[in-house]
Structures are given as C-alpha cells and as structure tokens.
Amino acid sequence: MEPDRLPARVLARVVLRSLLLQGSWNFERLQSLGVLYAMAPALRFYYRGEELIAAGKRHLEYFNTHPFMASPVLGAILDLEQRRSRGEEVSVGVQDFRRMVMAPYAAIGDAFFWGAIRPLAAGVALFFAFMGSLWAPVVYLLLFNFPHLWCRVAGLLGGYSLGLRIVEVIRRLRLPDLAVRFKEVTVILLGGLSAWLTFFSLEGEGVSTGWGLAVIPVVVLLSWLSRQGISVLLMVLAAAMVLVLSAQFG
Amino acid sequence: TMPAADYLISGAVAVGVGLDRTAALQVMISRPIVAAPLTGWLLGEPLVGLQVGALLELLWLGRLPVGAAIPPDDTQVAVASTLLTITMGESLVLSGPPLLLLCTLVAMPLGKIGQLAERLARNWNGRLLIAAETALETGDLAAAERSHLWGLAHFAVASLASFAVIVLTGTLTLHALVPLLAGPVEAAAGGLRLTFPLVGIAIILGSLNVKRARTLFGASFATALLLLWLL
C-alpha cells in the first residue's frame, strides 16, 4: 500500500520545526538531534513501530550545514524517505545524500547569508541608525529575512516536490557569485558611510573637510591589523584609551 | 518605569534575543542594531538603544557563527549596555552620549563571558544527545523530541547568565571608573563616537574577502567625501 504525499499540516510542522534546527546544538554531532526533531512529524506519517525508530536513528547521525541551507536538504530528504517508505528504488540513500550535500551547502550558506547578506543589511541599516531613524532595525530585519525565510520555506517545500533535482536548482541560482557581488556593494556602501560619518564629525569639531581623507589610510591600516589577528576589542580599547588620555592631558 | 522593572524587562529581552543567536529562528533580532533599540524601546528610550546598537553592530559581524566557532556575545553586550545607559544616569555624574559611550566600552570586553556561557550550553547539550539515543533504543521517539527542546532551555540559561554577569560587572566597573573618567570621556566623546563605526568598518573590510576591497573602499570614501563637501 502506498502512503499519500505529506498533508499540508505535516509539512507546515516540519517547516516550523526547522526553525529550531540548532536548538540542541552539541559538539558531538552538531545539528543531528535538530534534524530528528524537524523530521519527526513526517517520519511518523511514513513509518510505524520498528521502522519509525530505525528512521529516527538514521536522522540522529552527525549533521552540520548552514541552518538556512538545511531546509532544501531536509525537503529533499522528505522526498527520499517517502520513496523509501513506498519501497521504491532510489539512486542515492538518505544518509549518503546528507553526507554529500552538507559540507558544500554549509560553505555556500556561510558565504551568502553570513558573509554577504548580513553585512549588506547592516550597512544599509546603519545609514538609518546614524540619522537617528528607528527604521534602522526594521530595514535590517526586512533586508535579511526576505532571502532567509524564502530559503527556509521555499527551500524546504521545493526540496520536497523536486527531490534530488533541488540540487540543480540551487546550483543554477549561482549563490557564490551573487555573494561576491553583494560584498562589493557592501564595500562601496561602507566607504560612503565612513565618509558621511567623518564629514559630519569634522564639521561638528570645526575641522577642515580635507582632513577627512586621512581616515582612508587609518581604516586600511586597521583592516590590515585585523587580518593579522589583532582583536577588535584591543583596537577599540586602545583607540579609546588614546582619545581619553589625550583629552585628559592634551 | 521602576528600575527593578527595567532589569526584569531587559532580562526577558536578553533571553528572547539570546535564543535567536544560535538556538531558534535566527531572524537576526539578536543583532545589536535590533536587540539594543528593542531593549531601549521597552524601557522608554528607543534612541539610546539605537545609538548603542549602531556602535556595536559592525564590530563582531565578521566573526561568522560557523560550525563550532562561537563569536563574542554582542547580543548581551548590546542589551546590557542599553540597560546600563538608561538606569545608571541617575546615580552617576555622567549622562547623555558620554555615558552611553562609557557603558558600551565597559560592557564590550564582557562579551567573552557570553562566549564562554554558550560553549557551556553546547557542552551541556551533549547529554541531550545521549538521552535521545537512549530514548530511541527504548522505542520512544517522543522522548527524543523532548530532549531536543531542552536544549533551548540550556541556551536560555546561558543567555540570562551572561546578561546578569555583564550587568553586574558593568555596574561595579562604572561606579569605579566614572569618578576618574567623567571629564576626559566627555571631552573625547566626538572622537569616540567615530572610533566604533570606523574600527567596525575596517574589520568588515578585512573579513569580506573581496578583491581590491581597500581600493574600492578608498575610491568610494573619497567620492562621497567630495560630494558632501561640494553640496
């Protein structure tokens, strides 16, 4: 007897539970228990008794990827589990698929969401913040969460309906290239933001605008120092100490 | 509001936004630019939170929460700095932006506490994995699912603990430092205000891995400065 496709309410539960993927993150197997938690409503639909427990154990294996990119993976696994529960032949096993995609998807997600979208959203929001506008957090949340939630929801549903073909769809999105473009935009934005902050700061202190250009080598030096492993904490505290001491004795 | 209520409200925010860091959602309400204004808004001074958030946002943004890496807890630093700025003004001779800057400077190093607390929570979660395995051995899937949810409690405890330590240590440090530093911090406020974002921007430039990032930055900076000067 063939079980039907997952009802909408079960899919909805899997999507919602996937938002808690890292709730029990641990050093032994990272997101594994989170995967089991997210998949459980679907596994209950596919299997009973011994088979259900065996499926549970399959998903408790080591798992680690970017938390948002996990959604298309989970979606495709829903499809694989469904085929397996029907006794269909599948070209790739559930565990093999997990092992195959988690590392490349971690790299893609880290570079795209953490490395590109987050700094870009922050750069835009900071313009609002330094203008004193309370829209800053709202803008930040909107810019970040549109791609985020799209990946979580559409990724999981797409993975379920396309199965392994979701891998090809994601490849065609060219997220790594997009990440590079976004990062370039962020650099330009941050250049503008620094100039803007410097300009008004100099104006406030009554110093000539031309001195602002001195900020470029300072920022470049600080950026080089950070790449040499000097911590941000040290830089801020050292700069603060210099400023405070020069105010005290200057 | 009463100061006691301020501490309770901030503690609740600390837990809520703290969970967003790793354990739940990750919709970025944990970022300083969101968490600090939220705290400020609930305490009746949203603009204080906005300024704290803007100072802190970029500093650790380049530290990616990848795999087992745990960045310093800028969420709790943001919530605590906002609370300290709003509540400490009455008992100290310092107020306004200088107080805000000093509170943020004092709270910043304490972000390490949050890092440690989160590491402990993740260690603690190792037990949940064992509990879940045992549950599955006895055929109890529901118990394994409950194990997962306990992890949220571990992360919540870690957030609340870091928040409490930062607030407590910050309060004591401020009482010790303000009499010594009130004058110089007031005099240096303009420079300090510029220091945070510029250091943050420099760090992001270093971490973005874009070809010719510094050249692109310099060109953009010079163009923008010229435009501002002309207009």
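No value in this document is a laboratory result; all are computed from the given coordinates. Everything numeric here is computed off the predicted structure, so don't read it as measured data. Neighbour counts run over all protein chains shown; Cβ positions are idealised from the backbone, glycine included.
Taking the Cβ of each residue in B:Arg119, B:Arg21, A:Arg84, A:Arg48 as the centre, tally the other Cβ atoms inside 10 Å and list the residues starting with the fewest.
The most exposed by this proxy come first: A:Arg48, B:Arg119, A:Arg84, B:Arg21.
Explain nothing, just the number: dipole magnitude of the range B:1-109 about its Cα centre with +1 on each Lys and Arg Cβ and -1 on each Asp and Glu Cβ, in debye rounded to the nearest 20.
220
Using the Kirkwood formula over every pair of different C-alpha atoms, what hydrodynamic radius in Å results for the range B:162-231?
15.7
Using modelled amide H (1.01 Å from N, peptide plane; none on Pro or chain starts), what sits under 5 Å from the amide H of A:Phe63, excluding residues fewer than 5 places away?
Amide H neighbours of A:Phe63: A:Gln31, A:Ser32.
Which whole number in µm²/s is D for the range A:1-89 by Stokes-Einstein, with the Kirkwood Rh taken over Cα pairs at 10 °C and 1.306 mPa s?
For the chosen part, D equals 120 µm²/s.
Just subtract the alpha-carbon distance of B:Ala4 and B:Leu231 from 0.36 nm times their residue separation and send over the number in nm, one decimal.
Difference between extended and current length: 76.8 nm.
If the viscosity is 0.890 mPa s and the temperature 25 °C, what Stokes-Einstein diffusion coefficient in µm²/s follows for chain B when Rh is the Kirkwood radius over Cα pairs?
After rounding, the answer is 128 µm²/s.
Excluding B:Gly218 itself, calculate the net charge of residues whose Cβ lies under 15 Å from the Cβ of B:Gly218, where each Lys or Arg counts +1 and each Asp or Glu counts -1.
Net of charged neighbours comes to +2.
Grab the eigenvalues of the alpha-carbon gyration tensor for the range B:43-132, scale each by 5, take roots, and send me the semi-axes largest first in whole angstrom.
31, 14, 11
What is the Cα convex hull volume of the range A:1-50 when expressed per residue in Å³?
Roughly 78 Å³ of hull volume per residue.
Jot down the radius of gyration and Dmax of the range A:177-218, Cα atoms only, both in angstrom.
Cα-based Rg and Dmax for the range A:177-218 come out at 13.2, 44 Å.
B:Leu47 versus B:Ala69, label points 7 Å from Cα toward the beta carbon: distance in nm?
3.8
B:Glu137 versus A:Leu233, label points 7 Å from Cα toward the beta carbon: distance in nm?
4.1
Name the helices (complete DSSP H segments) of chain A with a Cα length along the long axis of 24 Å or more and a Kyte-Doolittle mean of at least -0.5, or state none.
A:135-162, A:175-205, A:232-249
Just to confirm the filter: which GluC sites (Glu not before Pro) across the range A:66-152 are DSSP coil and have at most 16 other Cβ within 10 angstrom of their Cβ?
Loop-located and lightly packed - A:Glu88, A:Glu89.
For A:Leu74, what is the net charge nearby, where nearby means another residue's Cβ is under 11 Å from its Cβ and Lys, Arg count +1, Asp, Glu -1?
Residues near A:Leu74 contribute +1 overall.
Using only the alpha-carbon atoms, what does chain A span along each of its principal axes? Please give whole angstrom values in decreasing order.
Result, largest extent first: 84, 31, 30 Å.
Sort the following peptides by mean Cβ neighbour count (other Cβ atoms within 10 Å, averaged over residues), highest first: B:98-105, B:29-36.
Per-residue mean Cβ counts within 10 Å order the peptides as B:29-36, B:98-105.
When Cβ neighbours within 10 Å are restricted to other protein chains, what is their mean count per residue of peptide B:147-157?
Partner-chain Cβ atoms within 10 Å, mean over residues of B:147-157: 4.
Please give the Cα centre distance for the range A:210-245 versus the range B:49-85, rounded to the nearest Å.
Going from one Cα centre to the other spans 19 Å.
Please give the average number of partner chain Cβ atoms lying within 10 Å of the Cβ of each residue in B:66-79, rounded to a whole number.
Going residue by residue through B:66-79 and averaging, the value is 2.
If each residue's Cβ is checked for other Cβ atoms within 10 Å, how do B:Lys211, A:Lys57 rank with the fewest at the top?
Lowest to highest Cβ neighbour count: B:Lys211, A:Lys57.
Using the alpha carbons of the range A:32-179, what is the convex hull volume per residue in cubic angstrom, as a whole number?
Each residue corresponds to 109 Å³ of Cα convex hull volume.
Under a no-solvent Debye model with one identical scatterer per Cα of the protein assembly as shown, what's log10 I(q)/I(0) at q = 0.08, 0.10 Å⁻¹?
Per q value, in the given order, log10 I(q)/I(0) is -0.52, -0.77.
Across the residues of A:172-184, average count of Cβ atoms on other protein chains within 10 Å?
Counting Cβ atoms of other protein chains within 10 Å of each residue's Cβ and averaging gives 2.
How would B:Ser220, B:Ser91 line up from fewest to most surrounding beta-carbon atoms within 10 angstrom?
Listed from fewest to most nearby Cβ atoms, that is B:Ser91, B:Ser220.
Which value in deg cm²/dmol, rounded to the nearest 500, describes the helix-derived mean residue ellipticity at 222 nm for chain A, given -39,500 (n - 2.57) per DSSP H run of n ≥ 4 and division by the residue count?
-24000 deg cm²/dmol
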